[in-house]
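So the structure is just underneath, and the comments pick up after that.
The values are calculated or read from the model by the stated rules, or taken from the named source; none is laboratory data. The shown structure was predicted, so the numbers you read here are calculated from the model rather than taken from an experiment. Here the Cβ positions follow ideal geometry from the backbone for every residue, glycine too, while neighbour counts run over all protein chains shown.
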Amino acid sequence: MMRFLTSLLLGLTILTAPVNAQDGPLRLELDQGIIEPLPFAVPNFVPDSAAAAQYANDISRVVAADLTGTGLFREISSDAFISRVSSFDAPVQFADWKAINADALVTGAVNVSGNRLTVRFRVWDVFSGQELGNGLQFAGTTEGWRRMAHKVSDQVYSRITGEGGYFDSRVAFVSESGPKDQRLKRLAIMDYDGANVQYLTDSAAIVLAPRFSPTGDRLLYTSYETGQPRIYVLDVDRVRRTELNTPGGTMSFSPRFSPDGRSIVYSLIQGGNTDLWKMDLASGQSVRLTNTPAIETAPSYSPDGSQIVFESDRSGTPQLYIMPANGGEATRISFGQGRYGTPVWSPRGDLIAFTKQNKGRFHIGVMRTDGSEERLLTSSFLDEGPTWSPNGRVIMFTRETQGASGRATLYSVDISGRNLRPVRTPDGGSDPSWGPLQN
Amino acid sequence: MNVLGKVLALGALSVIAACTNNDPSALGGGFGSGANSAIAPGSPSDPRSPAYFQQTVGDRVLFSVDQSTLTPQAQAVLQGQADWLLANPDFVATIEGHADEQGTREYNLALGARRANAAREYLISRGVAGNRLTTVSYGKERPIEICSTEDCYSKNRRAVTVLTGSTLG
């Protein structure tokens, strides 16, 4: 695992003289309410050998799937292609791509030498006949081919939208199997698109709600392995876990890292009452942040680490509050109808995603940090637990269906409310935590 | 009690539990015995058996939606539990708090803890020593009924007193 991740990107090379991507005429503005997906073509990347052919095909397909999966782009089938791209360096026949209405074209080449894989690619604005940004070359090991494909996709996405991508990222989640009354739960991690699932725990004890560290190296989660819910931190690469020593009070849960990764905020139950505490990870010392007879849980830091948004029923029903990161007076921000929970601050800092329960339905929604401009993105029997993509454009969450055969599935939705889609996992899935873009 | 006696009592109890206990979380609980009468020790007709506690005294109390206050019926059941625990001082218990699926995972964990604690406080108010009573919340993780209607929800909003063993080694 370690070796794979560290050796993936042996090199990144710029292939042409710099061209300022900001000047490119092709640009998808994500805040303009995109209705019509941008048509693009990804002809199979050109392999340099028989050994490279399968990788070239697979990488092209993953790039196309990444872009299509955003809902912002529409792939033009290769059946419609007029040109064949048989050489990476040959001039692009723009007229042939214009004729099939491709706005963007991604060309690439794949070289394999032993265990070493090199991917080169260029992004073209078909109508102006210009390259968007620089051609790039990624080199690494063959086993890292999927990550290299996602890196290409992140570049394409960035150059066309002007925003960071989210494809070369991982999601930690709880893999679920068995009926509702005997459900087995295992901690798992996968690529953002559901590929490469790895299990991090067995199903001997209930595990809940993994939470990535800011750099993706650790996971916080809650496990019942002692018989009580308690917080653990897991080193992702070594798959080694440590129980965190929370102060008097047997049950602790709902942990989340601070943006600097040095401390955590969490819920501790004492005498039946749930309050928020903060722990310095180096010293293991905890300090209390709230002290009320109400339930205080589901804390999440602002990206600058100065504030914490959380859920409390101090008003009588669960609502969202913001307080300074070291505790102190909290300000209520949710005032709509219904019950609000699991607030999560967006990585851009501008929005808070939440779970809302109203009139027997559950919703995933977003609001500004002052509680204004609330928008509900989903509606179902039971949606909960949002997590943000690294670029703050997509939310992943848990959807559970009702009844005796009810099953939990991961879903993602654009913050516009469009592009609701399930994320495929081998079994049921819940409690996603979307990690950062990988290096 | 010696270890062997405990193991035998456990074996006998688990047969009964498999027939009558629909709470999976209780199956693994290490029951003590304390059986010491002419009636088949450990059988539901032995008033000193955990099976008797579970079936005749009643091991659980139910709650209204989003509530942790004890209804008069719940208080009556807990009074019976307190009487039994006072008459059988060898036992300790874990009170499990549960919620139905209407609510987020985190909130339900906290709500289950409130419910378990409400039951524990009531038992203490009736004379049971606090050091015999621990609590755990399962939130919505361990429903016993799996339909998604109030019929099932009402049974899932519960605090279950699970006898976990003897205070005597």
| remark: Of the residues in the range A:52-68, those that are under 13 Å from A:F40 (Cα atoms) and either among the small types (G, A, S) or in contact with an Asp or Glu (Cβ under 9 Å, 6 or more places away or on another chain) (or both) come to A:S60, A:A64, A:A65, A:D66, A:L67, A:T68
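Considering the range A:381-439 alone, what residues qualify as being basic (K, R) and either surrounded by fewer than 21 Cβ atoms within 10 Å (Cβ to Cβ) or on the phi > 0 side of the Ramachandran plot (or both)?
Within the range A:381-439, A:R407, A:R418, A:R421, A:R424 qualify.
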| remark: Scanning the range A:293-343 residue by residue, those assigned to a loop (DSSP other than H, G, I, E, B) and in contact with a helix residue (DSSP H, G or I) (Cβ under 8 Å, 6 or more places away or on another chain) turn out to be A:I295, A:D313, A:P318
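Residue by residue, here is whether (1) farther than 30 Å from A:S405 by Cβ; (2) among the charged types (D, E, K, R); (3) more than 11 Å from chain A (Cβ to nearest Cβ); (4) part of a strand (DSSP E or B) holds:
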position: B:Q79; (1), (2), (3), (4): yes, no, yes, no
position: B:A82; (1), (2), (3), (4): yes, no, yes, no
position: B:N108; (1), (2), (3), (4): no, no, no, no
position: B:A119; (1), (2), (3), (4): yes, no, no, no
position: B:V136; (1), (2), (3), (4): no, no, no, yes
position: B:P143; (1), (2), (3), (4): no, no, no, no
position: B:L163; (1), (2), (3), (4): yes, no, yes, yes
| message | If a residue must be surrounded by fewer than 17 Cβ atoms within 10 Å (Cβ to Cβ), within 21 Å of the chain's Cα centre (by Cα) and over 13 Å from A:L234 (Cβ atoms), how many such residues does the range A:180-201 contain? | response | 3
| request: Sort through A:A204, A:A149, A:A139 and tell me the only one that's among the hydrophobic types (A, V, I, L, M, F, W, C), more than 16 Å from A:V63 (Cα to Cα) and in the same structural domain as A:D103 (by TED's automatic domain parsing). | output: A:A139
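Residue-wise test of (1) surrounded by fewer than 19 Cβ atoms within 10 Å (Cβ to Cβ); (2) of a type outside the set (F, W, Y); (3) in the same structural domain as A:P386 (by TED's automatic domain parsing); (4) under 24 Å from A:W388 (Cα atoms).
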{"position": "A:G261", "(1), (2), (3), (4)": "yes, yes, yes, yes"}
{"position": "A:G272", "(1), (2), (3), (4)": "no, yes, yes, no"}
{"position": "A:L276", "(1), (2), (3), (4)": "no, yes, yes, yes"}
{"position": "A:Y301", "(1), (2), (3), (4)": "no, no, yes, yes"}
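Sort out which residues of the range A:202-216 are touching a residue at least 24 places away in the same chain (Cβ under 8 Å), part of a loop (DSSP other than H, G, I, E, B) and either among the hydrophobic types (A, V, I, L, M, F, W, C) or buried (at least 16 other Cβ atoms within 10 Å of the Cβ) (or both), and write them in order of number. Outline the logic, then answer.
Here is the first cut: in the range A:202-216, the residues touching a residue at least 24 places away in the same chain (Cβ under 8 Å) are A:203, A:207-216.
Now drop any that are not part of a loop (DSSP other than H, G, I, E, B), which leaves A:203, A:213-216.
If the condition is that a residue be touching a residue at least 24 places away in the same chain (Cβ under 8 Å), part of a loop (DSSP other than H, G, I, E, B) and either among the hydrophobic types (A, V, I, L, M, F, W, C) or buried (at least 16 other Cβ atoms within 10 Å of the Cβ) (or both), then A:S203, A:S213, A:P214, A:G216 are the ones that fit.
Every residue, every condition in (1) within 25 Å of A:G69 (Cβ to Cβ); (2) at pLDDT below 95; (3) outside any strand (DSSP E or B), yes or no:
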{"site": "A:W97", "(1), (2), (3)": "yes, no, yes"}
{"site": "A:T107", "(1), (2), (3)": "yes, no, no"}
{"site": "A:V110", "(1), (2), (3)": "yes, no, no"}
{"site": "A:R120", "(1), (2), (3)": "yes, no, no"}
{"site": "A:S128", "(1), (2), (3)": "no, yes, yes"}
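Check the range A:204-212 and report whether any residue there is basic (K, R) and within 14 Å of chain B (Cβ to nearest Cβ).
Yes - at least one qualifying residue is present in the range A:204-212.
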| How about the range B:18-65: which of its residues are at pLDDT 90 or above, surrounded by fewer than 19 Cβ atoms within 10 Å (Cβ to Cβ) and within 14 Å of chain A (Cβ to nearest Cβ)? | B:V65
| message | I'd like to check something: does the range A:409-428 contain any residue that is without any contact (Cβ under 8 Å) to a residue 24 or more places away in the chain, within 14 Å of chain B (Cβ to nearest Cβ) and part of a strand (DSSP E or B)? | response | no
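Could you tell me whether the range A:140-154 includes any residue that is without any contact (Cβ under 8 Å) to a residue 12 or more places away in the chain and among the small types (G, A, S)?
The answer is no, given that none of the residues of the range A:140-154 is without any contact (Cβ under 8 Å) to a residue 12 or more places away in the chain and among the small types (G, A, S).
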| Failed item, numbered, when A:W124 is tested on (1) part of a strand (DSSP E or B); (2) crowded, with 21+ Cβ neighbours inside 10 Å; (3) at pLDDT 95 or above; (4) under 26 Å from the mean Cα position of the chain (by Cα) | (4)
| request: Filter the range B:123-134 for residues that are within 12 Å of chain A (Cβ to nearest Cβ) and of a type in the set (G, A, S) and give the result. | output: B:G130
| field | Residue selected from the range A:237-270 under the condition more than 18 Å from A:S213 (Cβ to Cβ) and either in contact with a helix residue (DSSP H, G or I) (Cβ under 6 Å, 6 or more places away or on another chain) or modelled with pLDDT of 95 or more (or both), by the criterion nearest to the other protein chains (Cβ to nearest Cβ) | value | A:I269
| field | Among (1) surrounded by fewer than 22 Cβ atoms within 10 Å (Cβ to Cβ); (2) within 14 Å of chain B (Cβ to nearest Cβ) - the single one A:S372 does not satisfy | value | (2)
| note | In the range A:174-201, residues that are away from chain B (no Cβ under 13 Å), of a type outside the set (S, T, Y) and not in a loop (DSSP other than H, G, I, E, B) total 7
| said: Can you report the number of residues in the range B:89-108 which are out of contact with any helix residue (DSSP H, G or I) (no Cβ under 8 Å at 6 or more places or on another chain) and surrounded by 18 or more Cβ atoms within 10 Å (Cβ to Cβ)? | reply: 6
